[in-house]
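Any read-out appearing in this document is the output of simple, stated calculations on the displayed coordinates, not a laboratory observation. Values in this document were obtained by computation on a predicted structure and should not be read as measured data. Cβ sites come from the backbone with ideal geometry, for glycine too, and all protein chains shown count toward neighbours.
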Amino acid sequence: MFDRTAFWSPAPDWRHARLEGRGLSIAAVTPPALWRLSGTAVPSLLASLGVSRTIGPREACDDLPYALRLSPDSVLLACSAAAAARLQRGFTAPGLAQTELTDGIVCIDLAGPGAADLMALAGEQALGTAAARPQESARVLFAGLTVAVMLRSDGWRLHVERPWAPALWRWLAEHVAITS
Amino acid sequence: MSTSRRLPAGGEIDRSRPLNFSFDGRALSGYAGDTVASALLASGVQVLARSFKYHRPRGLLGVDHEEPNAILDLRLGARHDPNARATLEPLAEGLQLSSVHALGTAGRDLLAVLDRGARFIPAAFYYKTFMWPHWHVYEGMIRRLAGLGRVDARSRAQAAPHRHLAVDLCVVGAGAAGLAAARGAVAAGRSVLLVEQRTRVGGALLWRDATVEGEPGSRWAGRVAAGLEAAGARVLAGTAAVGLYDHNAVVLHERGPDGGRIWQVRAREIVLTTGAIERPLLFGDNDRPGVMLADAALEYLRRYAVVAGERIVFATGNDTTYVAAQAFAAAGARCTIVDSRTGSPAQDAARAAGIEVVAGARVERALGRGRVEGARLASGATLSADLLAVSGGWTPLIHLYCQARGRPRWDEERGTLLPGEPVAGLRVAGAAGGARSLAEALAAGAHAGTGGGRVEIPDCDDRPFDWGGPPDTRMAFGERRAWVDLQNDVTAKDVALAVRENFRAVEHLKRYTTLGMASDQGRTSNVNGLALLAERTGRTLAQAGVTTFRPPFLPVSLAAVAGTQRGELQAPLRRLPAEEVHRAEGAELREYGDTLRPAAYGTSHDALLRECRAARERCVILDASSLGKIEVQGPDAAALLDFVFYTRLSNLAPGRLRYALALAESGAIFDDGVVLRVAAEHFVVSCSSSHVRAMTAHLEEWREDRFDLSRVFVHDATPQWATMAISGPQSRRVLEALALGVDLDDAAFPHMSAHDGVFAGRRARIARVSFTGERSYEVSVPAGLAAELWRRARAAGAEPLGVEALGALRCEKGFILVGVETDGETMPHDIGMGRARETRTDAYLGDRSLFTPAACRSGRRQLVGVAAASAAPLPVGAHALSRAGGRRRSVGWVTSSHPSAALGRPVALAMIEDGASRHGEELEFEHFGAMHRGTLVAPCFLDPSGARLNV
């Protein structure tokens, strides 16, 4: 049999995963709750949770709760456990579909002056340019993977589906070590 | 240090930094700032390589990327490049250079004898000779005799990661026009990237005399570039634009150690100021070492202080060569100009400067054996020379324009191809656009950069540019062969041969002779080849046509293309949330589609049989987390699923599951899976592991196409859940031990139903669904609890099951795997699921395709089981044979084949023509010449009644 166990490096322990280098500090973080919300009733639900706007990849945000724009009628909500207690799985009201993704998304923070340069290595879009674009999706190609990105005051937060998170971490580890 | 060709002063080289290198074992030296080519030329090395087919000695023709001959094997430390281009490679300390594919050295190649038999191996000889008994007998030898460098499999290149950049304007080419364009764009407030293939900006300003804005052109170029960078523009020297793609995507290759670096650039607009290159002349033995392009010789003189010859004959038909002649005369060389024209002001000025001019004359052939020793003119006169500097006119570099689907046009007055109709988002300026003078180039560049805004045009001492007119073919068919494409060893006589054999279209000429197909993409040969084709076919050059230029413009190493996408990063995989426990259990992990999964727990073949026995006799656990879990929600969820799936789902009760097929519009099976109805307006679609993204996109596409977007939504929840399939006669006992808070009595929990439970304080979903044919439960928990669920189930007695054993178990049951049993043509009725086709009357995806004549004909391949006649499993892919009418024909093939621990004999599935009506028939199966026998049977080998589901 063809054993590929040694070829693929093990996934990191997300509780302790950290990388340093290239002017960056990289760590996995755990928002208390992550939900996918879709439908015409999403804006009013977000307002009731204290989220006044949805954000794309060029609008900065540091604190919970926040809602990343995935498509014209769908967001990824990050919120506290208390706020999440008010959410319900399924199609619970006209224009509102809700799916929990708390275990399904790994969040990785890139913090430090090297963040912009790393983003330029990873993605095609010049996300460093300041002007926000209405309705732009936060979902971009980052290192060849589909990632929802959020601009922060100290860098970026990446939201990647859990099965792809080890691949993304491997890419980050490789590129943090490259100095050119 | 003294070299035979180096001037004592001048040039851009740093004489305080000598560098030592070797070529074919000979120790040589040069200076920092040299290229390998300039250092070799300065050292008096004239024979650098052997030609592709005839192994003729070859020297430098050019100075930059147009150079067709000087391709060398390069080693420096761990770096190895089997096809390094001497004109582009910077000289470095310790470089070890070797000639490529010579038997011996470039100076002494034992294979040079091939040239004596040249008449037997003209262009396309391999289509007519070396045929008996078949071509492959000779192919290996012929390939070894031809070709370029050999890869050293031990070498490892470590290229840099790709970089991405988005700009308003990308200017390709930092000569006069390009610098003017970039400066104008920056002044207009645009973000600018300026790319220059040479190591310094300036283009021809670096070696041709010019004054721009009151200073020497080369100094002006440096000042402008510094100003651009100070203003925030990015200037990349030593970087070539190698490809231009849709939507103004430009791929750059920045040269560097190993493979260099790829830049992926998006530009709102692109300006091409890529200049023009000189064409060689066509005359006998024009490939001799010592025949060089005149402008290249001038660049070696001015930039590297290398005098390529002491007795130089300049052969030309245009004024640009006179600049080179005067420069060499000033450097002390004895110069003679052979001009095909009979009178021009340039000739008078040259004579006044003491340079001999032979007007109205042409070179018939180069004299000399291993190197140029002189030239014979058409008149019969001979001239002594150690360098023949030639100019057959100029060709703009419009490769990138053509890559952008621009169609070039023939310009008779300039005698060259120019850009034709404009391409949206792209402008061509300077010499690349056909500029006739420096002033015109600067103006065109400035206009191109501002795109219609206010323009500041740099002033200059205007230098007219003589394009030289169409190629001169009068000396191409003399007694000695005249080379057209030096890199692929194509002569003028080869072009004539192709025309005689009726390959008259330019695309046929290209492929029949390989003219223009080498790594230089015909830079110095295409237009000359077109001229010969036109002459031989009685057409004008405009009528002859032009072939297509494709990326890359320059060869790019695969290491650069890969960048850091090597190893694990080349094709990333999805990982299971419990991977750590699988590794701890000694699993062999393997790639299955886009997911890394345990193939088996143990390394021996016995592991598979052991796991299968455990599944049939006790209880096993399989990590099925990669299976799709796509939520479809909303009032129209049922309607969407009824449309997308062949199997009706709207009548599924909440809490129940149904196996379903999804079809493509062609009626072929797209995927299969199990659909759970959670609530009236909430479904979960489980699909094949490697198809999750495709199925999600499939559902989303049809949602957007046919449905009110406010009434149905598709959410991929696959990453949220870890799913463990617990299967076997003792599976219920393991479920009881897990204490999930679910009534496991069969009456309350029948097969193909689901309940919510609790695991570790969090919600879990348990479904009774089986892919093994045994009683089975799929337990889904939040992904963070995957390892805990696995450990507890193992502690309760479940044994690990890998994907390989699962494959054997489902094969025993005749369960298909989409993409294994099915291909792009397999329809539901081919696998025994034709009922919906007969009973559904509502519209669904693929419905009409199921009733086409092709779908209804007899002879379609159908799913069957195959009982092998021997104890060994049939090979997967073995073809079932029919010998009807004395003709051997494949009637289908084996799709899956496994040993069966439960049955003690192998089992196989196959798709065989009319297989469903041929049970009991014994067939021959052939696999790579080996014959096997098997009997067609029903696909289900074990428990066809399904009683084991409730054992």
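Of all beta bridges that DSSP places with both ends in chain B, some 75 percent have antiparallel geometry. Each part reduced to its alpha carbon centroid, the range B:50-88 and the range B:798-840 end up 56 Å apart. Considering only B:Val864, B:Thr895, B:Ser882, and ranking their Cα positions along the charge dipole of the range B:858-950 that arises from unit charges at the beta-carbon of Lys, Arg, Asp and Glu, the one farthest toward the positive end is B:Ser882. If R0 is 41 Å, the Cβ-Cβ spacing of B:Thr603 and A:Ser137 corresponds to a FRET efficiency of close to 0.35. Sorting B:Thr273, B:Thr826, B:Thr211 from the fewest to the most surrounding beta carbons within 10 angstrom yields B:Thr211, B:Thr826, B:Thr273. Residue by residue along A:68-76, Cβ atoms of other protein chains within 10 Å of the local Cβ number 1 on average.
Could you please report the charge total around A:Ala115, scoring K, R as +1 and D, E as -1 over all other residues with beta-carbon less than 11 angstrom from its beta-carbon?
Net charge around A:Ala115: 0.
Spatially, the range A:8-70 and the range B:911-935 are offset by 56 Å when compared through their Cα centroids. Here each label is just a point 7 Å from Cα along the line to Cβ, and for B:Ala884 and B:Ala32 those points are 8.1 nm apart.
The modelled label-to-label distance for the pair A:Ser44/B:His134, using points 7 Å beyond Cα in the direction of Cβ, is 7.4 nm.
Subtract the Cα-Cα distance of B:Asp842 and B:Asp209 from 0.36 nm times their separation in residues, and report this length gain in nm to one decimal.
Values: separation 633, 0.36 × 633 = 227.88 nm, distance 7.99 nm.
Full extension of this stretch gives 219.9 nm more.
Under 5 Å from the amide H of B:Val235 lie the amide H atoms of B:Leu194, each residue being 5 or more positions distant or on a separate chain, with H modelled from the backbone and absent for Pro and chain starts.
Note on the protein assembly as shown: lysine pairs with Cα distance below 20 Å, sequence gap of 8 or more or different chains, count 6.
Residue separation of B:Glu926 and B:Gln158 scaled by 0.36 nm, minus their Cα-Cα distance, works out to 272.0 nm of gained length. Put +1 on the Cβ of every Lys and Arg and -1 on every Asp and Glu Cβ in the range B:339-438; which of B:Ala353, B:Gly434, B:Gly343 then has its Cα farthest towards the positive end of the dipole? Of the options given, the answer is B:Gly434. Averaged over peptide A:11-18, the number of partner chain Cβ atoms lying within 10 Å of each residue's Cβ comes to 1. Pop out the ³J(HN,Hα) list for the range B:221-236 in order, Karplus 6.51 cos²θ - 1.76 cosθ + 1.60 with θ = phi - 60°, rounded to Hz; leave Gly and Pro as x. Along the range B:221-236, the couplings run 4, x, 5, 5, 4, 5, x, 4, 5, 5, 8, x, 6, 9, 10, 10 Hz.
Restricting to Cα pairs below 8 Å that are 6+ residues apart, what does the relative contact order work out to for chain B? Please round to a whole percent. Over chain B, the number comes to 9 percent. For the peptides B:275-284, B:758-767, residues were scored by their other Cβ atoms within 10 Å and the scores averaged per peptide; the highest-first order is B:275-284, B:758-767.
From most to least packed by mean Cβ count within 10 Å, the peptides B:483-489, A:111-117 give B:483-489, A:111-117. Each Lys and Arg Cβ is given +1 and each Asp and Glu Cβ -1; about its Cα centre, chain B then shows a dipole of about 1680 debye.
Highest mean packing comes first when the peptides B:223-231, B:189-197, B:720-728 are listed by Cβ atoms within 10 Å, giving B:720-728, B:189-197, B:223-231. Annotation: amide H-H contacts under 5 Å for B:Val358 (H modelled 1.01 Å from N, sequence separation of 5 or more, or interchain): B:Ile337, B:Val338, B:Asp339. If you plug the beta carbon distance of B:Arg794 and B:Asp756 into 1/(1 + (r/R0)^6) with R0 = 25 Å, you get a FRET efficiency near 0.60.
The angle between the Cα long axis of helix B:320-330 and the longest principal axis of the Cα atoms of chain B comes to about 60 degrees, rounded to the nearest 10. Size descriptors for the protein assembly as shown (Cα atoms only): Rg and Dmax, in that order, 35.9, 113 Å. Positive end of the dipole of chain B (Cβ unit charges, origin at the Cα centre): among B:Leu76, B:Val581, B:Val675, the Cα lying farthest that way belongs to B:Leu76.
Let me spell out the model: positive unit charges on the Cβ of Lys and Arg, negative unit charges on the Cβ of Asp and Glu, origin at the Cα centre of the protein assembly as shown. What dipole size does that give, in debye rounded to 20?
Values: 129 positive and 122 negative charges, 347 e Å.
The dipole of the protein assembly as shown has a size of about 1660 debye.
Computed from the Cβ-Cβ distance with R0 of 60 Å, the FRET efficiency linking B:Ala349 to B:Gln570 stands at 0.50. Placing unit charges on the Cβ atoms only, positive for Lys and Arg and negative for Asp and Glu, gives the range A:19-176 a dipole magnitude near 340 debye about its Cα centre. For the range B:504-575 versus the range B:647-699, the inter-centroid distance based on Cα atoms is 47 Å. Counting only other chain Cβ atoms within 10 Å of each residue's Cβ, the peptide B:561-573 averages 4. Summarising the label geometry, the points placed 7 Å from Cα in the beta-carbon direction at B:Ser4 and B:Arg693 lie 6.0 nm from one another.
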